[in-house]
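Take a look at the structure set out below.
Every read-out reported here was derived from the displayed coordinates using simple, explicitly stated rules and does not represent laboratory data. In this text, all values refer to a predicted model and were calculated from it rather than measured experimentally. Neighbour counts run over all protein chains shown; Cβ positions are idealised from the backbone, glycine included.
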Amino acid sequence: MLRLMCIATIVLAATVPAPVAAQERTVFPGPGGEPAREDLLRARELFRRGTEDAAAGRWADALAAFEEAYRLSGVAAALFNAATTLRSLGRYRDARDAFDQLLREHPDLDGEMAQTAPALRDEVARRVAILELREVPIEPALELRLDGAPRQDTGERPLELEADPGEHTLRLELPSYEPFLWEGRLRDGERREVTVVLRALPPPSTGPNVGKILLWTVVGVLVAGAAVTLGLLLRPERLQPESELVIDL
Amino acid sequence: MSRNLLACLLALPAVTACGTNAILELELALPAAPAEASGPIYAFVQARTNASFDVPWSGAVPFDGIPLEPAPSQHLVSIVAEPGQYDDDLFVRVSFCASPRCDGFGDDFAPERRLRIEHPFYETERTRASWVIAEVPSETVETPDVIDRCSVEGCREGTTRNFCRLSDGSHFCE
């Protein structure tokens, strides 16, 4: 992929129209018109820096550089490199959206990019996992958060949420009900069914007993601290590689 | 209170488990550099779980390709897995490139050999496997070599070549 990035460097001279907004999809903004010459020069420098960062494995820095290069220039090569960098970061949803935007807004791609982009798009799309939520009531007041970020309720049932592979936390809230929590690990391309069970909150009590709450909080913190300390003491030693040639998966 | 206590107790195994890893020590036998080669040839080694050989692999390159020598050479590559990867197969590809990071002119089409190792990782265990590449291929060999689960060495001393229990077929590291 770095080779493609190097090839793509040559392309950084043309300009393209601004992207179109999309719902529920990540959109990578372009210049919104004909870019100024100084913006193109700045974009070229950012592109070069992004390619260096990618070669050194500094993916987050590379991504920021490519996104900014695209914002300034609208050049397809910058968006292509942003997409491949997102893929390297394991952000397959965003990578898919970037490839989709690339193919939609730059239909005149040529060379290796034109051959590679559709295949890479399909590959990352296959790796997006789906959380299929069942028994979710249709309520305007429903609030969904995946990994702390709000997600829109599309109104469709079962409700499907896309996610990248990895550990996730889902929180679903509805007034008068206990929050529903789900935590789990999604694998590449996995579709996981989760049945949402909402339990009604008990009627409000006469008033909180502040002293009691404080006492249990202190006790809880002490027990948690002891558990973590014990866990650290019992933690097994990590194996050390025998070779200097090490690949961390 | 009971909820707090339960949460803490549940957290304990998580804290103890998060420090573990597993390592496969891959003994890699590389061929001699072809006499007719016009320049140095580097064996560029990559490894992934949950991967496909059908697409190029991107990501950080942990070390430069190993330069082929006039005679066959042996190398040890340590492949480190983390929790969540222990049940996966391992995919290894060795590309024979003209540049150390396999990004030089013509390296797009560098011939490669491929290897799939079935279930090589077991939590907190060190396992071993050997792979011999006898010669530099003239073009990519698309069918991967396969090291089956019971040929992954580990957790048993001696001269056996089968590292699975005869009783139930489970690996000695399980």
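Assorted remarks:
- Gain on full extension, evaluated as 0.36 nm per residue between A:Glu24 and A:Arg145 minus their Cα-Cα distance, stands at 42.2 nm.
- Number of partner chain Cβ atoms within 10 Å, mean per residue of B:56-66: 5
- Whole-angstrom Cα spans of segment A:129-195 along principal axes, big to small: 34, 21, 18
- Gyration tensor (alpha-carbon) shape descriptor, the protein assembly as shown, a/c threshold 1.5: oblate
- Between A:Val194, A:Val124, A:Val75, the Gaussian network model of chain A with springs among Cα atoms under 10 angstrom shows the greatest mean-square fluctuation at A:Val194.
- Taking N as its residue count, the alpha carbon Rg of segment B:21-151 over 2.2 N^0.38 Å: 1.04
- For chain B, built as a Gaussian network whose Cα springs stay under 10 Å, the top-fluctuating residue of B:Gly154, B:Gly19, B:Gly104: B:Gly19
- Within the shell of other residues whose beta carbon sits under 13 angstrom from the beta carbon of A:Arg127, the net charge comes to +2, with Lys and Arg scored +1 and Asp and Glu -1.
- Once you reduce segment A:105-168 and segment B:28-93 to the center of their Cα atoms, the two points are 33 Å from each other.
- Calculated over segment A:104-249: convex hull of Cα atoms, volume per residue (Å³): 213
- Taking packing as the residue-averaged number of other Cβ atoms within 10 angstrom, the listed peptides A:79-86, B:136-143 run from highest to lowest as A:79-86, B:136-143.
- Highest-MSF residue in chain A out of A:Leu230, A:Leu133, A:Leu239 [GNM, Cα springs under 10 Å]: A:Leu239
- Among the GluC sites (Glu not before Pro) found in segment A:99-181, those both in a DSSP coil and sparsely packed, with 11 or fewer other Cβ atoms within 10 Å of their Cβ, are A:Glu156.
- Mean ellipticity per residue at 222 nm, deg cm²/dmol - from DSSP H runs of n ≥ 4 across chain A, formula -39500 (n - 2.57): -15000 deg cm²/dmol
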